[in-house]
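K.L.:
Before I ask anything, let me first share the structure, which is written out below as structure tokens.
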Amino acid sequence: MNDYLKEIANTCGIKKRVTFHTARHTFATTITLTNGVPIETVSKLLGHRNLKTTQLYAKILDLKVSADMKALRLKYNGNSPSGSNQ
């Protein structure tokens, strides 16, 4: 599998060493968590028995935290009768 990933990286011009392990991390962070998949679902997808394993394994990106807080702010601002920030 690592040989295939290396070939793909070379074709795409990626200079970083790409392995199955880095592919799992990319899947967990960039593809799932950043796109709103709950960490419990990611944990199951990765085959972890314990959520703590996933929490250590999958770093939640600052971009995701920022997007979640923006969505929360919009939700509460949108639900306010006057549209004010309460």
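The values are calculated or read from the model by the stated rules, or taken from the named source; none is laboratory data. Everything quoted here is computed from the prediction, not taken from an experiment. We place every Cβ from the backbone using ideal geometry, glycine too, and count neighbours over all the protein chains shown. For the accessible areas, the whole protein counts, side chains as well, though only heavy atoms, and no ligand, DNA or RNA atoms are used. Shrake-Rupley method; radii C 1.70, N 1.55, O 1.52, S 1.80 Å.
K.L.:
Determine the dipole magnitude for the chain: charges of +1 sit on the beta-carbon of Lys and Arg, -1 on that of Asp and Glu, nothing else is charged, the reference point is the Cα centre, and the result goes in debye to the nearest 20.
P.N.:
Working: 13 positive and 5 negative charges, 33 e Å.
That gives the chain a dipole magnitude of about 160 debye.
K.L.:
Give me the accessible area per residue for the chain, probe 1.4 Å, as a whole number in Å².
P.N.:
Here the per-residue accessible area is 81 Å².
K.L.:
Could you rank K64, K70, K44, K52 by how accessible they are, 1.4 Å probe, largest area first? Display every interim value, and only then the final one.
P.N.:
Details: K64 30, K70 115, K44 165, K52 140 Å².
Order by accessible area, largest first: K44, K52, K70, K64.
K.L.:
Also: Please list, in order, the residues from region 30-66 whose amide nitrogen is less than 20 Å from a point placed 7 Å along the Cα→Cβ vector of Y4.
P.N.:
Label zone hits: 31-32, 45-47.
K.L.:
Let me ask something else. Report, to the nearest whole %, how much of the accessible area of the chain belongs to carbon and sulfur atoms, 1.4 Å probe, protein only. Write out the running numbers ahead of the final one.
P.N.:
Numbers: 4010 of 6980 Å².
After summing per-atom areas, the C and S share lands at 58 percent.
K.L.:
Of T34, T19, T11, which is the most mobile in a GNM of the chain whose springs link Cα atoms less than 10 angstrom apart?
P.N.:
In this elastic network of the chain, the residue with the biggest mean-square fluctuation among T34, T19, T11 is T11.
K.L.:
Next question. Round to the nearest 10 and give me the degree value, 0 to 90, for the angle of helix 62-79's Cα axis relative to the longest principal axis of the chain.
P.N.:
20
K.L.:
Which entry in (1) 34, 30, 24; (2) 59, 34, 15; (3) 42, 27, 17 matches Cα extents along the principal axes in Å derived from the coordinates of this structure?
P.N.:
(2)
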